[in-house]
Amino acid sequence: MKKGFTLVEILVVIAVLSVVGVIITTIFIRNLRGSNKAQIISSIKQNGQIVLENMDKTVRNADNLVCISSNADNTVYTMIVEKSGLYIRYRIAPLQNSTMPDICLVNGCIAYDNPTKQTDPATVKEETGPVFIDRVCVVNALMKQATVLTDTNAQTGVQVKSGSFTEPDKKAGFKRIVKINLVLGPGVQAPPAVAGQIDPVTFETTVQLR
């Protein structure tokens with residue numbers, strides 16, 4: 001006479017399979033988190049390096065450092081340099097800065113544009129140099145058409161935590177120097193379990209105009 005499995009044997013098999021399933025699931029989740037963490041860290045480093053390389057090349061080859069400005073609480077920084085009559089304006093803007101392109105409202109961003117002098121319709125005269133510089137150097141000057149350098153994707157991109165442009169004390173006979181500091185972290189909608197394991201990364205360089 002054939003015997004089937006007893007209830008105890010079935011329960012033991014179910015228990016063993018459950019334990020094995022939990023172990024496999026745990027390993028899978030850990031591997032997935034590890035992969036996500038590595039991808040996010042790689043993205044942060046890549047974004048930081050791209051920004052620094054872009055700024056380094058532009059500032060190093062510039063003819064003149066036009067201005068560096070910041071808002072009252074030193075959270076938003078603007079820098080403008082000039083090369084052969086062309087002005088290049090950079091801005092470091094953390095979260096929800098209305099002067100920047102709309103895609104920057106979630107993660108913040110680092111961007112640049114090329115401000116140009118305006119012509120007064122009434123007089124058909126181009127604004128003077130000092131007026132132009134005063135207008136474009138302030139941190140609340142709009143940069144809606146700027147080229148964004150950082151990945152603004154809320155999940156896979158990077159968040160601009162902070163950053164600054166500063167000019168160390170100028171010494172007689174030496175060309176001007178700009179110190180650039182950036183702090184980037186995971187996108188604001190990155191998985192919390194992964195983002196919580198990643199510390200913000202600081203990028204810093206000092207560039208001297210040629």
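The values are calculated or read from the model by the stated rules, or taken from the named source; none is laboratory data. This structure is a prediction, so every number in the text was calculated from the model and none was measured. Neighbour counts run over all protein chains shown; Cβ positions are idealised from the backbone, glycine included. Remember, those area values only see protein heavy atoms, side chains included, never the ligands or the DNA or RNA. Shrake-Rupley method; radii C 1.70, N 1.55, O 1.52, S 1.80 Å.
Relative to the Cα centre, the charge distribution of the chain, modelled as +1 at Lys and Arg Cβ and -1 at Asp and Glu Cβ, gives a dipole magnitude of about 620 debye. With each label modelled as a point 7 angstrom along the Cα→C-beta vector, the D63-K170 pair spans 1.6 nm.
Starting from the amide H of K83, placed 1.01 Å from N in the peptide plane, find each other amide H under 5 Å away whose residue is 5 or more places distant or on another chain. So K83 has HN proximity to D63, I88.
Give me the angle, in degrees from 0 to 90, between the Cα long axis of helix 7-60 and the longest principal axis of the Cα atoms of the chain, rounded to the nearest 10. Value to nearest ten degrees: 10. In a fully extended conformation the segment linking V138 and T156 would gain 3.4 nm over its present Cα-Cα distance, using 0.36 nm per residue.
Quick one: grab the alpha carbon gyration tensor of region 64-210, order the square roots of its eigenvalues as a ≥ b ≥ c, and give me rounded if a/c is under 1.5, else prolate or oblate depending on whether a/b is larger than b/c. Oblate shape, in that a/c is at least 1.5 and b/c is the bigger or equal ratio. Solvent exposure of K170, expressed as accessible area, is near 140 Å², computed with a probe of 1.4 Å over the protein chains only. By a 1.4 Å probe calculation restricted to protein chains, K175 has an accessible surface near 110 Å², given to the nearest 10. Couplings for region 136-141, taken from phi via the Karplus curve 6.51 cos²θ - 1.76 cosθ + 1.60 with θ = phi - 60°, read 8, 7, 5, 6, 9, 5 Hz in order; Gly and Pro are left as x. Measuring r between the beta carbons of Q118 and K45 and using R0 = 35 Å, the FRET efficiency lands at 0.35. When Y112, Y77, Y90 are compared by accessible surface with a 1.4 Å probe, the order from highest to lowest is Y112, Y77, Y90. The fraction of accessible area contributed by carbon and sulfur in region 97-171 is 52 percent, rounded to a whole number (1.4 Å probe; ligands and nucleic acids excluded). With R₀ fixed at 45 Å, the C-beta to C-beta distance from K83 to I198 puts the FRET efficiency at about 0.80.
Using a 1.4 Å probe and counting only protein heavy atoms, arrange E9, E127, E53 so the residue with the most accessible area comes first.
The ranking, largest first, comes out as E53, E9, E127.
The listed residues L95, L149, once ranked by accessible area (1.4 Å probe) with the largest placed first, stand as L95, L149.
Surface exposure of the chain, expressed per residue as accessible area with a 1.4 Å probe, stands at 60 Å². Only helices enter the 222 nm calculation for the chain: every DSSP H run of n ≥ 4 contributes -39,500 (n - 2.57), and dividing by all residues gives -11000 deg cm²/dmol, rounded to 500. For Q159, the residues whose modelled amide H falls within less than 5 Å of its own, excluding neighbours fewer than 5 places apart on the same chain, are G185, G187. Relative to one another, the C-alpha centroids of region 70-85 and region 176-210 are positioned 18 Å apart.
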